[in-house]
Ligand SMILES: Cc1cc2nc3c(=O)[nH]c(=O)nc-3n(C[C@H](O)[C@H](O)[C@H](O)COP(=O)(O)OP(=O)(O)OC[C@H]3O[C@@H](n4cnc5c(N)ncnc54)[C@H](O)[C@@H]3O)c2cc1C
């Protein structure tokens, strides 16, 4: 076991690791061990994998997790990170160089209830595992569209699913959260037992508890329709028109959805449109637009299973590269959507073809049906819940190789964000809200929930975590005081 005689903080980290290792052997992995290296590499972004905690703690059950949370108070100099599926893109979100990282990977149960109305989903699962398990019962849940994404961070921040048009976000489809509070107690959180905490966990992120299991409403489901169409640069303006049209039509067929993505790779621009219908047939709504007239180079559209779509989405988004994700929200508007395209091209052209750069401008929509579904069961914590106008959820997502290119790429994203915000504000199209799962570390997500919701979230935090453990000792993600980082 490593020793450190010099730094008091480092000693605090090591004492805490030793404390856990003695109490629960086989839960700790130390720097230098193969399992430590494997855990460290098992993140989506290289920025997260570059961090080396004093140890990884991998509890097997709620008691072991609750012990760790209760004991960390005795080691106040030791911050902790919590890793669900490790898909947050920025350094420190779910790993740390200044403390220990608790890994939820052993919370990997996927258990349908006896009446098949709900499914108990362990918070350490990746969605691919959830779908594969549930397909044996012809069931599914409102999970992620990429198989490698984790259940925990996704669901606590919102969670856009193939089913969001019908049922809202993932967080709107949790009947009960099994949660470990800052004092180590283990609690069932549902609308009846703890209504305020239940509301806060629906989109308020990791500010209140560590969730061990999400009991989600089950959806009877076998096959769906979907895939990707590929386009050359010249058709992008027509695709932007389709994107806007589809947002205004979406409520007419809530089972269908689309994602329009602009790409910049090797100095070239291309685009894709992902089309989905959770029913096993092509979507009338999506084809009742200009889309059928836009020539494409290839497509993968087919009747398929959710697990297969989630797996093919994963193949395009491998782990191990440098990454940045950003987000913004606007009222859906055609001129604005074309302006986003223009600014994306200008900012990426200015970067040039950096080593292995792939810049994506991912354009999604929360249509009225999705916004309305966010209000069920007492509503969620997002300020846009119940809205009556469709909104653009913009998600610039860049990946690249060299750390020396970090600043240039972050600056390009900041420029894109600032320029489009300015345009949107001038035309009264701006919506302050930022979608947490896509936000960068430079974006103050919770402030955009608005004073009413933010005050209510702070009240919940002071009730369930009066000493502010989740605000100070788990500092790596979006906090209620606006801070992100260590
Ligand atoms: C390739 C890719 C595809 C994506 N696809 C989608 C999509 O289809 N829809 C969508 O909405 N989003 C999507 N996202 C965004 C995704 O939802 C976020 O990255 C999310 O944070 C991932 O969750 P995670 O558990 O894997 O991440 P982590 O990095 O492990 O966690 C993110 C944050 O949540 C905290 N956390 C995680 N689990 C828990 C828990 N159980 N209790 C308390 N805190 C916890 C962590 O401490 C961390 O701060 C995608 C992201 C990527 C990279």
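Here are the numbers for this structure:
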item	result
Which of 399, 117, 265 has the fewest Cβ neighbours within 10 Å, and the rest in rising order	117, 265, 399
Segment 329-381 - Debye-derived log10 I(q)/I(0), Cα point model, q = 0.12, 0.20, 0.24, 0.26 Å⁻¹	-0.47, -0.81, -0.96, -1.04
Relative contact order (%) - criterion: Cα under 8 Å, at least six apart; region: the chain	16
Ascending count of other beta-carbon atoms within 10 Å, so fewest first, for 347, 281, 245, 426	426, 281, 245, 347
Distance in nm between pseudo-label sites at residue 34 and residue 132 (7 Å out along the Cβ direction from Cα)	2.1
Inter-label distance, nm, simple model (7 Å from Cα along the C-beta direction), residue 300/residue 408	3.0
Kirkwood hydrodynamic radius (C-alpha pairs) into Stokes-Einstein, segment 101-255, 10 °C and 1.306 mPa s, D in µm²/s	94
Which of 127, 199 has the fewest Cβ neighbours within 10 Å, and the rest in rising order	199, 127
Cα long-axis angle, helix 306-315 against the chain (0 to 90 degrees, to the nearest 10)	90
Beta bridge orientation in the chain: antiparallel %, DSSP, nearest 5	90
Rounded Å value of the spacing that divides the Cα centres of segment 357-429 and segment 258-306	20
Overall form of the chain per C-alpha gyration tensor (a/c, 1.5; a/b vs b/c)	prolate
With Cα atoms, 0 to 90° folded angle of helix 236-249 axis to the chain main axis	80
Computed over segment 8-103, the ratio Rg/Rh where both radii use C-alpha atoms and Rh is Kirkwood	0.94
Inter-label distance, nm, simple model (7 Å from Cα along the C-beta direction), residue 61/residue 375	4.4
Sequence-separation-based contact order of segment 8-103, relative, with Cα cut under 8 Å and 6+ spacing, percent	36
Degrees separating the helix 406-426 axis from the principal Cα axis of the chain, which is the longest one	60
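Laboratory data are not the source of any read-out in this text; all were calculated from the coordinates shown. Quantities reported herein were computed from a predicted structural model and do not represent experimental measurements. As a convention, Cβ positions derive from the backbone with ideal geometry for all residues, glycine included, and neighbour counts pool all protein chains shown.
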